[in-house]
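Student: The structure is given below, and queries will be raised subsequently.
The values are calculated or read from the model by the stated rules, or taken from the named source; none is laboratory data. On a predicted model such as this, the values are computed, not experimentally measured, just so you know. Reconstructed Cβ throughout: ideal geometry from the backbone, glycine too, with neighbour counts over all protein chains shown. Each accessible area value is taken on the protein alone, full model and side chains, heavy atoms only, with ligands, DNA and RNA left out. Shrake-Rupley method; radii C 1.70, N 1.55, O 1.52, S 1.80 Å.
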Amino acid sequence: MQYEIKQLDKFKYIEEGEGEPLVLLHGLFGALSNFKDLIEYFRHTHKVVVPILPLFDLDILHTSVGGLQKFVHKFIEAKGYQHIHLLGNSLGGHVALVHVLKHPERIKSLILTGSSGLFENGMGDTYPKRGDYDYIRKKTELTFYDPKMATKELVDEVYDIVNSRLKVIKIIALAKSAIRNNLGEELNQISQPTLLVWGNNDTITPPFVGREFNRLIPNSELHFIDKCGHAPMMEVPDEFNRILHKFLTKLSEPAAVA
């Protein structure tokens, strides 16, 4: 399924369906393809929006979690969205968290899956090995429980990124920014209903990270999925969509009068 990439000023994004906005933020090596099953499922009930994050287009000073958050804030303001369900995977989750802490007013709920912000294992080395395709393939496989999820197409995408010196510098800047920007002290300020969906086999943000988010975010619920790594919405889309559907349905029901 090909979706039209729309443009408004400097913002490029996908927008499908009608209803309350479900805004999806991808991670460091993320692409629109990460969300295809999620878009297809929820565009029947929500306005599904995927802004293309300028991971490699910000100047080096703003190549940070904070810089990406500012971009997301400006995008949301430009589009005038209200009652947003904000979903982030990996670095996208971290950006979502910073956004909710700074600009809670338009956010109705928060959904995090394999999010950074407390602890994450990086690429393993400070500088990804350029030109070593096999190494890049193995690193990409670590994202998933099932290494077959790391298709040639996906590995090629990562390989192209790490073979650009400028992109690698920006990847490292973003990764270091994520590690420095630990939100442990602030998470108790989040009042929005929060859904945490974690792979039981996530090696990048292991299960204890999901438990810690659950402990620190007051109004949160945590779901683990077996045989699943760092990107549940890609690896087990049916299970992920079922959990998210139930969460969103519960939010749209009128509160019972005691």
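Student: Output the pairs from K47/K139; K74/K167; K47/K167; K12/K36; K6/K148 with a Cα-Cα distance over 25 Å in this structure; if there are none, say none.
Tutor: Among K47/K139; K74/K167; K47/K167; K12/K36; K6/K148, the Cα-Cα distance tops 25 Å for K47/K139; K47/K167; K6/K148.
Student: Can you tell me which of 30-37, 152-159 comes out highest on packing, and rank the rest after it, using the mean Cβ neighbours within 10 Å?
Tutor: Put in order of decreasing packing, that is 30-37, 152-159.
Student: Sorted from largest to smallest, which semi-axis lengths in Å does the alpha carbon gyration tensor of segment 39-82 give for its equivalent ellipsoid, taking the root of 5 times each eigenvalue?
Tutor: Rounded to whole Å, the semi-axes are 25, 12, 7.
Student: Give the carbon-plus-sulfur fraction of the accessible surface of the chain in %, rounded to a whole number; probe 1.4 Å, heavy atoms of protein chains only.
Tutor: The nonpolar share, carbon plus sulfur, comes to 53 percent.
Student: Name the shape class, rounded, prolate or oblate, that the alpha-carbon gyration tensor gives for segment 202-258, where a ≥ b ≥ c are the square roots of its eigenvalues, rounded holds for a/c under 1.5, and otherwise prolate holds if a/b is larger than b/c and oblate otherwise.
Tutor: Note, shape of segment 202-258 comes out oblate.
Student: Here's something else I'd like to know. Most mobile of R215, R43, R242 per a Gaussian network model of the chain (Cα springs, under 10 Å)?
Tutor: Taking springs between Cα atoms under 10 Å, the residue moving most is R242.
Student: Still on this structure: Convex hull over the alpha-carbon atoms of the chain: what's its volume per residue in Å³?
Tutor: 126
Student: Next question. Of H83, T143, S116, which is farthest along the charge dipole of segment 43-187 in the positive direction, counting Lys and Arg as +1 and Asp and Glu as -1 at C-beta?
Tutor: With unit charges placed on the Cβ atoms, the residue in question is H83.
Student: While we're looking at this one, here's another question. For the chain, with every protein chain kept in place, what is the accessible area per residue (1.4 Å probe, Å²)?
Tutor: Counting only protein heavy atoms, the per-residue value for the chain is 47 Å².
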